[in-house]
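First the structure, in the form of structure tokens, and then the observations on it.
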Amino acid sequence: MLNLNSEVKEASDYTIDKNKKIAEELGLDIDNNFTDELEIAADKLILSADGLKIKKLNSDELAWDVDNYSFFKSKATPYTINPSLWINGKGNSYAGVFEVIKDKIYQVRGLDIANLTIIRGKSGWIVQDVMTNVEVSSKAIDLLEEALKENIRDNIKAIIISHSHSDHYGGIKGVVKEEQVGHDVETQVQIYVPVGFDAECVKETLFAGTAMGRRAEYQFGGAVKPGIKGKVSVGIGVDISNGTGSFITPTNYISENGIVEIDGLKVDFQLTPGTEAPAEMNNYFVDYKAFWVAENCTGTLHNLYPIRGAQLRDSSAWASFILEAMDKYADKSDVIFQSHNWPHFNTKEHPDTIRNYLLNNASLYKYIHDQTLLYANEGFTAKEIAKKIRIPENIKKDYYLRPYYGSLPINARAVYTKYLGFFNGNPNEIDPLTEVEEAKTFVEYVGSEEEVLTKASKDYEAGEYNRAAYAAGKVVLANPKNQQARFLTADAFEQLGYVSESSVWRNAYLQGAFELRAGVRTPGDRKAESGSDLAKCMSAELLLKYIGILYDSDKSKAKDFELRLKIHENTYGNESENNFVLKLYGGVVLSYPYDEKVDDKSSIEAYAELNKEALFALLNKKLSLVKDKIKTNKFEYLERLEEGLIDVKEHSRFKLVESNETV
Ligand SMILES: [Zn+2]
């Protein structure tokens, strides 16, 4: 058996060969790795942010350090990095202010996973998407002011947020103060979002938020430090900034396609629900012939299923909306730009760049959709389809379509699951063994942990890293204290990470290796900060549903109750009052709207009148602090509910490469 330890390893000979082969297949020169796509990414940089460090609010930590990615200055690709992923990471590492259209549109890139874009209006500026955190978005505005030598911060007229993901709205308070926002076009800043935005932000970020937040550490390599044996990209940016998230309730909801005038500009909106996000929209700036494609196309194949966990996305609808955009906007646009990666331009030599960009993107999503279903109809399982599916030959060398974020195997499994569900049809999967039961059975049938590891070591030495990780990983699940099994799984994960073209795969493997060697890292609490700002904006209806999710029905012994709730809400000075029935029924929290006017003979005598803040306090188990702000004849009912709520933060460090059950 191998002599194993917790050190980070070099690329093995097999890994070096594999990366060389990948370079050869794609026509890349590993010693001087550069493509046209990198030329586009570097173009029109008007203010470099080289060397920039951004401090995190109220902390000695950094929110961003441009130097973390200075290893990309090398021409050669290290053997520990897939040479195609190198192109993506390098392109995203270019940091600073970029011109999109001279005097009209500028982007700050390379300071976060997402870009911040500004568009000149008739009297001021429109900001399009505001990055993940306030530290980086605020610095982005400073850099733009420095580059353009004008006061931008005080002349922001409107903000457009393209969709319901936090890397597009979280930085909003670094751009405007909440007090500046409102409906008065003359004096206040308007925030435009696609219809359904708030509810979708909440659902994606909160309902399954704790699980998603923890799993996101694998998708984005939370504990993996940037470096040639560490994190090199997150596919749609070089990394996620480490800072303070925020949320401001929008003022204008776009509910149909068409032109809206914003600060004197004609902005033509195209809603694209159910694509990359449940609530998303593209928009075309008529006056500037500039098409903003949100996150529907970026410089990479996107996820139909991000491994952090999310509802499955609809590849067929996604392709259709891109084709609709191509039909409507391709021929009248000079530039296509987006919230991640870099823009593409029509040029004299290539007048069809934008049309091809949209066509190629659409065709790849459509291909994954159609080919997966074709294979499924031929009887192949999702895992089998994942091994069969390939990028079509005609678009194989279009680097803006390479799988740096989404990958074909995972996307194909997503299509399969969307149509056929997670079940593969084999009765063995109807009532499957849990991961630990399966692992223990495996070890028992092989003979012993030792024997599994001897075989897995041989596979490792032969470069069969998938098999080695599979088998050694089973021993970890069966017996997490087996240090040799942990080290072997980690080493195999690492080599798999070094050849992964998808940043998501690389990050997940390297995060897994890190946790196998060092254990689960102590919490960083950044999710909670952004979560609470957003949670305050939740409608009462959603807050009540969320309370249901936090209530542990299994442990509850509380007596049933029924309560009439009157909840006061106040959004931009508009007072509203909403009535709900809140019931605890057999340990389940039920809530539904209740119309006083229709039913004035209600038999429910217990009531509580409160505002949303009080409801929020209940959710945070701080009911006693707001006791005098609640009018009720049954305070004990609310206490009963509070008692059954779990503190999600306590559970946020669950394990992923080993079981959370006591083995
Ligand atoms: Zn995004």
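Structural remarks
- If only residues of region 199-211 that are under 12 Å from Ala279 (Cβ atoms) and open to solvent by less than 30 Å² (accessible area, probe 1.4 Å) are counted, the one that is nearest to the chain's Cα centre (by Cα) is Glu204.
- Verdict on Ala76 being at pLDDT 95 or above, not in a strand (DSSP E or B) and not basic (Lys, Arg): yes
- When the helices (runs of 4 or more DSSP H) confined to region 428-514 are screened for residues that are under 26 Å from the mean Cα position of the chain (by Cα), those reaching at least 3 such residues are found at 483-499.
- Within region 41-71, tally of residues that are closer than 23 Å to Glu135 by Cβ and in contact (Cβ under 8 Å) with a residue 24 or more places away in the chain: 18
- Candidate set from region 165-200 (those that are more than 16 Å from the ligand (Cβ to nearest atom) and charged (D, E, K, R)); member that is nearest to Ser539 (Cα to Cα): Asp198
- Looking only at residues in region 140-164 that are free of Cβ contacts under 8 Å to residues at least 24 places away in the same chain and in contact with an Asp or Glu (Cβ under 9 Å, 6 or more places away or on another chain), the one that is nearest to the ligand (Cβ to nearest atom) is Arg153.
- Residue among Tyr572, Tyr637, Tyr551 that alone is touching a residue at least 24 places away in the same chain (Cβ under 8 Å), buried (at least 17 other Cβ atoms within 10 Å of the Cβ) and either closer than 30 Å to Phe197 by Cα or under 30 Å from the mean Cα position of the chain (by Cα) (or both): Tyr551
- Filtering region 327-355 to residues that are within 18 Å of Ala41 (Cβ to Cβ), crowded, with 17+ Cβ neighbours inside 10 Å and polar (S, T, N, Q) leaves Gln338, Ser339, Asn341, Asn346, Thr353.
- Taking region 478-489 as the range and being open to solvent by 10 Å² or more (accessible area, probe 1.4 Å) and more than 15 Å from Val446 (Cα to Cα) as the test, the residues that pass are Pro480, Lys481, Asn482, Gln483, Gln484, Arg486, Phe487.
- Selection status of Gly222, in contact with a Gly (Cβ under 9 Å, 6 or more places away or on another chain), open to solvent by 20 Å² or more (accessible area, probe 1.4 Å), away from the ligand (no atom under 14 Å from the Cβ) and under 20 Å from Asn68 (Cβ atoms): yes
- Count of residues meeting criterion [away from the ligand (no atom under 16 Å from the Cβ) and in contact with a helix residue (DSSP H, G or I) (Cβ under 7 Å, 6 or more places away or on another chain)] in region 225-245: 8
- Test: Glu295 is in contact with a helix residue (DSSP H, G or I) (Cβ under 9 Å, 6 or more places away or on another chain) and among the acidic types (Asp, Glu): yes
- Selection count where residues are farther than 21 Å from Ile262 by Cβ and of a type in the set (Asp, Glu), scope region 180-215: 2
The values are calculated or read from the model by the stated rules, or taken from the named source; none is laboratory data. Bear in mind that the values here come from a model prediction, so they are computed numbers and not experimental data. All Cβ positions, glycine included, derive from the backbone under ideal geometry; neighbour counts span all protein chains shown. Areas reflect the complete protein model, heavy atoms only, side chains present, ligands, DNA and RNA absent. Shrake-Rupley method; radii C 1.70, N 1.55, O 1.52, S 1.80 Å.
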